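J.: Please read through the structure below; I'll follow up with questions.
The values are calculated or read from the model by the stated rules, or taken from the named source; none is laboratory data. All figures in this text were calculated on a predicted structure; none of them were measured in a lab. Note that each Cβ is placed from the backbone with ideal geometry, even for glycine, and that neighbours are counted across all protein chains shown.
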Amino acid sequence: MTGLGIWRRKPIDAIEAPGADDSSQLTRSLGLWQLTAIGVGGIIGAGIFSLAGSVASGSDGGKGVGPAVVISFLIAGIASAAAALSYAEFAGLIPKAGSAYTYGYAVLGEVVGWAIGWDLLLEYIAIVAVVAIGISGYFGFLLQQLGISLPAWMLGAPGTGSGHKVDLFAMLLCLLIAWLLTLGMRNAARFETLVVGLKVAVVLLVIGVGVFHLKSANYTPFSPAGWGGAFTGAATVFFAVFGYDAMSTAAEESKDAQRHMPKAIIYSLVIAMVLYVLACLTLVGLQNYTEIDPAAGFASAFDSIGLTGVADVIAVGAIIGILTVMFTFMLGVTRVWFAMSRDGLLPRWFAKTHPTRHVPVRVTWLAGVLSAIIAGVMPIAEAAELTNIGILLAFVVVSFAVIRLRYSQPDLPRGFRCPGVPFVPAIGIVFSLWLITFLDPVTWLRFAVWFALGLVVYFSYGRKHSLMNAESPRHQ
C-alpha cells in the first residue's frame, strides 16, 4: 500500500461476507433463467433491429459489408465471449453487486475499482438515455402511421427538428423503467422475463417466416467490402453483443450466484449470438443489401416482399425488444452506484435500501432522473458519444484481473474457471483496446473530463471515507 492508500485491495472474503447493516443489503431472489433473461434483454435490442441493417447497407456513407454482416457479428461475438468468460469466473468467485467495479477493487486496487465504477455510472446512464431516444423515434413513427399528430415541442430534443424543445416520451420511458426497478427485484425481473420472451418470439417469427422467402442471389457478393470491411463492421456491432456486464451487477440478488451467474452470462451470450446470426442471414437473404433500410431493416425487408402485417409486428417488437435494454443497463448503474456507496467511496446515503423491497430506491430514482434529462434535451448522436469507452476499459480490467488473480491466488474456490488463461482473457484485452482506437476524439474528450472530475471526487471524498481506510469517519 502506498502512502495515499490508493492501491489497497478489498479482501475477497471481506467482499463475500454479509454486512451488519440490513439497510444496505439486497435480497437474493433471482433464479438462473431470470438472470439469463436479464442478460438476453441487455444484449438483444438495437443490434438486431437497427445495427444489422445499417452495417449491411452502409448507412454511414461507407460501403456496406453486405451478407458478411454475419461474419461481423461472429467476430464480435468471439471477442465478447473472451471477456464474458472472464466475467463468468469473477461472478462465481465474488457474488456481490458492482461487477467490474468490485472485481477491479478486489484484484487491482481501490483507485482502479473507483475509476471503472465512476466511468460505468456515466456509460450506463447514457446507454439508457440513448435507447430511450431510439424507442421514442419508433413510437413517433407508429403514431404517424396511425394518423395521430402530437405537438412538435414534445417530439425531440432542441435542434433535432422544427419546433422541438424536449423529447418527452423518452423522458417518461426513463422514469417508467426506474419505477419498475423500485417495485422490488422479484417483480421487476418477472416483467423483464415476460418482455424478453416476447422479444425472442418476434425474432423467431422473423426467422421462421423469412426462411421461406430467401433468395440465394442476395448472398452474392458475400463480402462486397472485403474481409477488412467485415472486421470494421465487427467494431460497430461489438456494442450490440455486451449486456452481460450489466447483468452481472445483480450477482448479489441471485439465489445461488456461485453456480447461476457464470451459467447465466454464458447462456445469455450464446442465445443472443445464435439469434443474431440466424436473423442476419434472414435479413440479407430477403433483400439485396444495397436496398436494406438501415433504420428499420427487417420491417422494410418484409414490406418489400408484400408481408406488411409481419413488418408491423416487427416494428412493435422492436420497441418492446429495445425496452429491455433500458431495464438491464439501469439495473446495472443502480447496482454499481449502490456498491460504491456501501464501500464508502460515495456518500452512504445512496446505499440505503427500501425497508421491505430491499432495493436501492434512492439511486434508482436518481439514475432515472439523470437519464431522463439526457434523453430529453440531447440529440441521440451527442448522447451516444458518452458511451462505449468506459465499458471497453471495464472489459480490459476484468480480463487482466482474471489473469493476475489466477496466478496470485490459484487455490481460491472458483465456481467457474475461465478456460485458456492467460490466452482467452488476453484476446478480450487486445480486442477491446483495438476497438477503443475506433472511437471519436469527442468521446475521448468527454471521457477525459468525466475521469478528471472522478479523480477530484475520489481524492476529496472517496479515499478518506472508504471503509478500507482505518481512519475513515465511519470507523470513529
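J.: Pick from Phe438, Phe431: which is modelled with pLDDT of 85 or more, more than 19 Å from Trp337 (Cβ to Cβ), among the aromatic types (Phe, Trp, Tyr) and under 20 Å from the mean Cα position of the chain (by Cα)?
T.: Answer to the check: Phe431.
J.: For region 192-215, how many residues meet the condition of being under 30 Å from Pro360 (Cα atoms) and without any contact (Cβ under 8 Å) to a residue 40 or more places away in the chain?
T.: 1
J.: While we're on this one: What are the residues in region 166-192 that are closer than 13 Å to Leu323 by Cβ and polar (S, T, N, Q), if any?
T.: Within region 166-192, no residue meets the criteria.
J.: In the set Val202, Val166, Val196, Val209, which member is of a type outside the set (Ser, Thr, Tyr) and within 19 Å of the chain's Cα centre (by Cα)?
T.: Step by step, each of Val202, Val166, Val196, Val209 is checked, and only Val196 is of a type outside the set (Ser, Thr, Tyr) and within 19 Å of the chain's Cα centre (by Cα).
J.: I need every pair where a residue in region 78-91 that is in a helix (DSSP H, G or I) has its Cβ under 8 Å from the Cβ of a residue that is among the acidic types (Asp, Glu), sequence separation at least 6 or different chains.
T.: So the pair list comes out as Ala83/Asp245; Tyr87/Asp245.
J.: Let me ask another. Mind telling me which of the residues Arg463, Arg446 ends up being among the basic types (Lys, Arg) and over 25 Å from Glu382 (Cα atoms)?
T.: Just one listed residue meets the conditions, Arg463.
J.: So, one more: I need the full set of residues from region 152-202 which are among the small types (Gly, Ala, Ser), in a helix (DSSP H, G or I) and under 28 Å from His354 (Cβ atoms), in order please.
T.: Scanning region 152-202 gives Ala170, Ala178, Ala188, Ala189, Gly197.
J.: Can you tell me how many residues in region 265-306 are hydrophobic (A, V, I, L, M, F, W, C), farther than 25 Å from Gly137 by Cβ and within 21 Å of the chain's Cα centre (by Cα)?
T.: Of the residues in that region, 8 qualify.
J.: Among the candidates Val449, Val424, single out the residue that is in contact (Cβ under 8 Å) with a residue 12 or more places away in the chain and either in a helix (DSSP H, G or I) or buried (at least 19 other Cβ atoms within 10 Å of the Cβ) (or both).
T.: When all the criteria are applied, what remains is Val424.
J.: In region 379-395, is there at least one residue being at pLDDT 90 or above, surrounded by 19 or more Cβ atoms within 10 Å (Cβ to Cβ) and closer than 29 Å to Gly297 by Cα?
T.: No, there is no match, as no residue in region 379-395 is at pLDDT 90 or above, surrounded by 19 or more Cβ atoms within 10 Å (Cβ to Cβ) and closer than 29 Å to Gly297 by Cα.
J.: Then there is this: Name the single residue that is surrounded by the fewest Cβ atoms within 10 Å (Cβ to Cβ) among those in region 231-259 being in contact with a strand residue (DSSP E or B) (Cβ under 7 Å, 6 or more places away or on another chain) and under 14 Å from Phe90 (Cβ atoms).
T.: Ser254
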